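Since every read-out is calculated from the coordinates, none of them should be taken as a lab result. Bear in mind the structure is a predicted one, so any value in this text is a computation, not a measurement. FYI the Cβ positions are ideal-geometry reconstructions off the backbone, even for glycines, and counts take in every protein chain you see.
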Amino acid sequence: MSQQGFSLAETLVAMLLLAMTISTLLQYHRALALGFSQQWHQHQAWQVAGQVLLGREVDGWVSQHQPQTMPGGCVLNRVTVTGPQQRAATLARLNCH
């Protein structure tokens, strides 16, 4: 009399492998989502720094403007912004007249 199908041990091993695979994929997905979120927030910080450098303040962000006179009558304008999730960005622009 031959039996068809999988034994209990085979089924349990297959379920264990499936659970481990799903767990690994979920951890990978979480790491990717966190990375994209951090990248998005940093992108926002760069955009806000650009706006502040152009003279437009953005609500919810703290900005510091540090102009520095350079040789030849040029001014180096450096802006540092800090916002939500402690994201920070610094941009500089050299203005020569």
message: Roughly how far apart, in whole Å, are the Cα centres of the range 38-70 and the range 77-97?
response: 5 Å
query: In the chain, if every C-alpha pair distance is counted and binned at 10 Å from zero, what percent goes to each bin?
result: 14, 24, 17, 12, 10, 9, 7, 4, 2, 1
- prompt: How far is helix 8-53 tilted off the main Cα axis of the chain, in degrees rounded to 10, range 0 to 90?
  reply: 10 degrees
Point-charge dipole on Cβ atoms (K/R +1, D/E -1) for the chain, about Cα centre, debye to 20: 340 debye
query: Between the DSSP loop rule and a limit of at most 12 other Cβ atoms within 10 Å, which trypsin sites (Lys or Arg not before Pro) in the range 9-97 are left?
result: Arg56
- line: Karplus-derived 3J(HN,Hα) from phi for the range 84-90 (6.51 cos²θ - 1.76 cosθ + 1.60, θ = phi - 60°), whole Hz, x at Gly and Pro, runs x, 6, 6, 6, 9, 8, 10
task: Could you please rank Trp40, Trp46, placing first whichever residue has the fewest other Cβ atoms within 10 Å of its Cβ?
output: Trp40, Trp46
